[in-house]
Structures are given as structure tokens and as C-alpha cells.
Amino acid sequence: MASVVDVPALVVASLIALVVTVALMRAHAVESHRRGWITAGILAATLSAIGVIDLVRATPRETHFTTVVVGAVLPVLGALGMIRGTRGVSPWIRWPLVFLVAFILLFGGLLIGATLASRLLPI
């Protein structure tokens, strides 16, 4: 039976959003802004590298590298902004908000990278 929902893609996206959320929330647990930015940079570079490696392994490469880069950087920066913007919010609301922003911006970043960024930066 065929399904409209791609379950493996949702599971992978959920795991990526969870990793981004946990890493950035733990980096900001001690209120160190430098630690948060360093963690965000490492996360964005790691996600970009994983995406580029997956892209290079594909036989007919139809996806641009900008799709991967925008799809990796946007959720990390969005989650970082949500963490910085919700400092006064209690953790039981803050954690799901950061996860939700990272999850939504992961798909949004991939769509923006595939449509807009790939036309502007044909890499």
C-alpha cells in the first residue's frame, strides 16, 4: 500500500531537528553566547558536509549544492534565534518551540535552497 507521507524522511528530519535542538540548548545552558555560536557553526558545517557527501554519492546528481547548504544553515540559525529570543520562557515551552522551528525550517530551507538559492547561485 502506497503512502503519501514519506516516513523515513520525516524520521530523519525529526532526528536532525532533535540534534540541533539538544546541541544548541545545551550550549546555551551556561549562557555563553560564544559557545552557542561555535556550536551553531559546527552543526551547520557538519550538516552541510553530510548533505554534500550524500549528494556526491548520488549517480545522477540533480540537486544543487546550494540546496544542501541553505537547508543546513537555515534551521540552525532559526533555532539559535529562537533560543536567544525565548530566554525568559520556561523550559517546557522553550524546548518544543526550538524543536518545531528547527523542524519547519529544515524543510523550508531545503525548499528555499532548491527554488530560490539554486537560481541565484548556480553551484
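The values are calculated or read from the model by the stated rules, or taken from the named source; none is laboratory data. Remember, predicted model here, so these are calculated numbers, not experimental data. Methodologically, a virtual Cβ is constructed for each residue, glycine included, from the backbone with ideal geometry; neighbour enumeration extends over all protein chains shown.
Observations on the model:
- Qualifying residue in the range 91-114 (condition: part of a loop (DSSP other than H, G, I, E, B) and of a type in the set (V, I, T)): no
- Meets criteria (out of contact with any strand residue (DSSP E or B) (no Cβ under 7 Å at 6 or more places or on another chain) and closer than 27 Å to A114 by Cβ) for V69: yes
- So T39, is it part of a helix (DSSP H, G or I) and among the β-branched types (V, I, T): yes
- Residues of the range 43-66 classified as within 15 Å of G113 (Cβ to Cβ) and not in a helix (DSSP H, G or I), total: 4
- Hits in the range 26-36 (condition: in a helix (DSSP H, G or I) and either modelled with pLDDT of 95 or more or among the charged types (D, E, K, R) (or both)): R26, R34, R35
- Residue match in the range 1-11 (condition: in a helix (DSSP H, G or I), farther than 24 Å from T115 by Cβ and under 11 Å from the mean Cα position of the chain (by Cα)): no
- Flag if V69 is β-branched (V, I, T), in a helix (DSSP H, G or I) and closer than 21 Å to H33 by Cβ: no
- Members of the range 45-68 that are surrounded by 19 or more Cβ atoms within 10 Å (Cβ to Cβ) and either touching a Pro at 6+ places or on another chain (Cβ under 9 Å) or more than 18 Å from S14 (Cα to Cα) (or both): L47, F65, T66, T67
- Residue list for the range 1-22, filter: of a type outside the set (S, T, N, Q) and over 24 Å from L77 (Cα atoms): M1, A2, V4, V5, D6, V7, P8
- Beta carbons closer than 9 Å, at least 6 apart along the sequence or on distinct chains, pair a first residue in the range 78-95 that is touching a residue at least 40 places away in the same chain (Cβ under 8 Å) with a second that is among the basic types (K, R) and assigned to a helix (DSSP H, G or I) for I83/R94.
- Within the range 3-32, residues that are under 17 Å from G81 (Cβ atoms) have Cβ atoms under 7 Å from residues that are surrounded by 12 or more Cβ atoms within 10 Å (Cβ to Cβ) and polar (S, T, N, Q) in these pairs: A23/T39; L24/T39; A27/T39, counting only partners at least 6 apart in sequence or on another chain.
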